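No value in this document is a laboratory result; all are computed from the given coordinates. From a predicted model like this one, the values you see are computed outputs, not experimental measurements. Here Cβ is always computed from backbone atoms with ideal geometry, including for glycine, and neighbour counts include all displayed protein chains.
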Amino acid sequence: MSLHDIEKAIQDIPDFPKPGIIFKDITPILQDPRLLRESIELMTAPWRQEKVELILGIESRGFIFGTAMALELGIGFIPVRKEGKLPRSCSRADYELEYGSAVIEMHSDAVKPGQKVLIVDDLLATGGTAGAAVELASAAGADIAGVQCLIELAFLNPRARLEQNKVISLITVE
């Protein structure tokens, strides 16, 4: 298995969830244990020496990669969820998407000041969601190690919203 195999498995779905959007379907990667394992290993490798203490995984596919990476690194996992999905007191951040706006939340006590955190998601499009997760973690006093994603849509210039952060993507779509 290689990065090329992972990239080949991603399917483009036109006009989903809205007309004009090309959705990057990673389901074939998730269905193949060898591709999933390779994805996790490649996403985890750059962070093994970084002394990250927590992974913040963004709903929903960031949960898949983030929890597996947390297990690989022997650290905790914090879910960053869509508005209204967490049961206790939450911090929230508003952000813009490629096709609208939204809110994400994290439990207010999820991150302790000074903890080194890594933000994980499957896709980096406009950088809005990842930027909001950085905002949530920073407001809690976290030390942001960086942002890791499987796919980056570079043509949408997501790094402009994450200028102060280390960003690593396995696959870049120009």
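Below is a table of values for the structure above.
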read-out	value
Entries of 24/112; 24/82; 8/85 with Cα pairs more than 32 Å apart	24/112; 8/85
Ranked packing of 149-156, 117-124, 50-57, most packed first, by mean Cβ within 10 Å	117-124, 50-57, 149-156
The chain: most fluctuating residue of 44, 126, 27 per GNM, C-alpha cutoff 10 Å	27
Residue 50/residue 15 FRET efficiency (R0 41 Å; Cβ-Cβ; nearest 0.05)	0.60
Dipole magnitude (debye, nearest 20) for the chain, charges at Cβ of Lys, Arg, Asp, Glu	440
